[in-house]
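**Q** The structure under discussion is supplied below as structure tokens; questions concerning it will follow.
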Amino acid sequence: MSRSHYCARVAATLAAISLIAASCGGDDADITLYSGRSDELIQPIIDEFEAASGLSVEVKFGNSADLALLIDEEGEAGERAADVFLSQSPGSMGFLEERGRLGVLPESTLALVPDNVRDDGGSWVGFSGRQRVLVYNTDAVDPADLPSSVFDMTDPQWKGRVGVAPGNGSFQDFVTAMRATQGDATTLAWLKALDANDPVLYANNSAIVAAVGRGEVDTGLVNHYYNYRALAENPNQPSANHVFATDDPGAVLIITGAAILAGADNAGPAAQLIDFLLGSSGQQYFATETFEYPLAIGESPANNVPPIDFSSDVSNAGGIAFEDLAGGLEATRALIAEAGLES
């Protein structure tokens, strides 16, 4: 991210920061949490932590990228408003790591997850995972025809049959991960070929899964858990997930991460909160309520979600290192726009 663009984003973030909801606690809270995950998703597990620990948590909710910019701006001003950052976007965590805004987590916290889903330097730890998949309409697509690679979705047989959400954060994280593993030239060529194959554009993953279920589009590139949520609401929906080959960019795991910020005033309680998210209560909350992958050692996904071996070095199941995504979001958006895929 260029310095000029960074400053412009900071100004916009500070101007809009009053729109970010804050809840629970106050100036005397034991922990201040900046969450890039929504109130609806995170607040229930925060309430459970407060009841179990006796600690109070003040939460500021917002977009992960905007909160990362705010944290960096506060660091520039010598302020330390937040103790913990939860990021839905790997790129936002990578940006803060690159800027030196993250502290170091206790070894006991890092030891709760496999090496593949934590920072080698101890700055962040993953607490839930979302795998990229191809959702498809089971009435319209024969499983035998499903490809092993996301690169095959540009073939003529899929023309006009693929739903994508180019403006959505998870699609952009997926493209950024592709850039990290395949290079910009290959990624741009794939994006242009995808655009030329007349994809159907949607606002987000939920809209794609709903459209696939209605038969509006045959397939869609989404995160795995959206279809499980849809099936929980309507078991008769004719949709299923197809996972690309293990080493394919289309099967990348996008990690939701937690970090203690550098110079945090309440580092001890902050570590307690992250440990709680990685404990059985926190991990099974994400597994059963949102159908995400729990990342702590010994924790299993919901019964209908296929397991992933996060300890394996053979695949990209551990996702892409956050530092590989640092500062890459703007370049990713530029590639998507150059390919003509802007929504």
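**Q** Considering only segment 63-81, I want to know if a residue exists there that is without any contact (Cβ under 8 Å) to a residue 12 or more places away in the chain and among the aliphatic types (A, V, I, L, M).
**A** The answer is yes; a qualifying residue exists.
**Q** Looking at (1) outside any helix (DSSP H, G or I); (2) crowded, with 21+ Cβ neighbours inside 10 Å, which is the only condition Gly282 fails?
**A** Condition not satisfied by Gly282: (1).
**Q** Then there is this: Pick out the one residue from Ala317, Ala321, Ala334, Ala251 that is open to solvent by 40 Å² or more (accessible area, probe 1.4 Å), among the aliphatic types (A, V, I, L, M), modelled with pLDDT under 95 and under 19 Å from Ser89 (Cα atoms).
**A** Selected residue: Ala334, the only one of Ala317, Ala321, Ala334, Ala251 that is open to solvent by 40 Å² or more (accessible area, probe 1.4 Å), among the aliphatic types (A, V, I, L, M), modelled with pLDDT under 95 and under 19 Å from Ser89 (Cα atoms).
**Q** Go through segment 117-147 and count every residue that is of a type outside the set (Val, Ile, Thr), touching a residue at least 60 places away in the same chain (Cβ under 8 Å) and surrounded by 15 or more Cβ atoms within 10 Å (Cβ to Cβ).
**A** Residues meeting the conditions: 15.
**Q** So, one more: On the basis of being hydroxyl-bearing (Ser, Thr, Tyr) and in contact with a strand residue (DSSP E or B) (Cβ under 8 Å, 6 or more places away or on another chain), does Ser170 make the cut?
**A** Considered against the rule, which asks whether it is hydroxyl-bearing (Ser, Thr, Tyr) and in contact with a strand residue (DSSP E or B) (Cβ under 8 Å, 6 or more places away or on another chain), Ser170 comes out as yes.
**Q** Now for a different question. Which of the residues spanning segment 164-199 are surrounded by fewer than 18 Cβ atoms within 10 Å (Cβ to Cβ) and among the β-branched types (Val, Ile, Thr)?
**A** Residues satisfying the conditions are Thr181, Thr186.
**Q** Another question, then. Out of (1) aromatic (Phe, Trp, Tyr); (2) in contact with a Ser or Thr (Cβ under 8 Å, 6 or more places away or on another chain); (3) closer than 23 Å to Phe291 by Cα, what's the single condition that is false for Tyr228?
**A** (2)
**Q** Could you please find all residues in segment 217-238 being open to solvent by 50 Å² or more (accessible area, probe 1.4 Å) and in contact (Cβ under 8 Å) with a residue 40 or more places away in the chain?
**A** The initial filter retains those residues of segment 217-238 that are open to solvent by 50 Å² or more (accessible area, probe 1.4 Å), namely 229, 232-236.
If the condition is that a residue be open to solvent by 50 Å² or more (accessible area, probe 1.4 Å) and in contact (Cβ under 8 Å) with a residue 40 or more places away in the chain, then Arg229, Ala232 are the ones that fit.
**Q** From the list Ala287, Ala270, Ala259, exactly one residue is hydrophobic (A, V, I, L, M, F, W, C), within 25 Å of Phe174 (Cβ to Cβ), open to solvent by less than 10 Å² (accessible area, probe 1.4 Å) and out of contact with any helix residue (DSSP H, G or I) (no Cβ under 8 Å at 6 or more places or on another chain). Which is it?
**A** It is Ala287.
**Q** Follow-up question, since we're still on this one. Using beta carbons and a limit of 8 Å, which pairs, at least six apart or on different chains, have the first residue in segment 243-262 and assigned to a loop (DSSP other than H, G, I, E, B) and the second one modelled with pLDDT of 90 or more and basic (Lys, Arg)?
**A** Qualifying pairs under 8 Å: Phe244/Arg132; Val252/Arg132; Ala262/Arg101.
**Q** Being over 24 Å from Val113 (Cβ atoms), at pLDDT 95 or above and out of contact with any strand residue (DSSP E or B) (no Cβ under 7 Å at 6 or more places or on another chain) is the requirement here; does Leu188 meet it? Explain how you work it out, then say what you get.
**A** Details: over 24 Å from Val113 (Cβ atoms): yes; at pLDDT 95 or above: yes; out of contact with any strand residue (DSSP E or B) (no Cβ under 7 Å at 6 or more places or on another chain): yes.
Here the answer is yes, as Leu188 does meet what is asked.
**Q** Still on this structure: Take segment 116-151 and flag every residue that is charged (D, E, K, R) and in contact with a Leu (Cβ under 9 Å, 6 or more places away or on another chain).
**A** First, pick out the residues of segment 116-151 that are charged (D, E, K, R): 118-120, 130, 132, 139, 142, 145.
Those that are charged (D, E, K, R) and in contact with a Leu (Cβ under 9 Å, 6 or more places away or on another chain): Arg118, Asp119, Arg130, Arg132.
**Q** On to the next question. Within the group Ala165, Ala177, which residue is in contact with a helix residue (DSSP H, G or I) (Cβ under 6 Å, 6 or more places away or on another chain) and either among the small types (Gly, Ala, Ser) or modelled with pLDDT under 95 (or both)?
**A** One residue alone meets the criteria, Ala165.
The values are calculated or read from the model by the stated rules, or taken from the named source; none is laboratory data. In this text, all values refer to a predicted model and were calculated from it rather than measured experimentally. Virtual Cβ from ideal backbone geometry, glycine too; neighbours counted across all protein chains shown. Heads up: the accessible areas ignore ligands, DNA and RNA and are worked out on the full protein's heavy atoms, side chains in. Shrake-Rupley method; radii C 1.70, N 1.55, O 1.52, S 1.80 Å.
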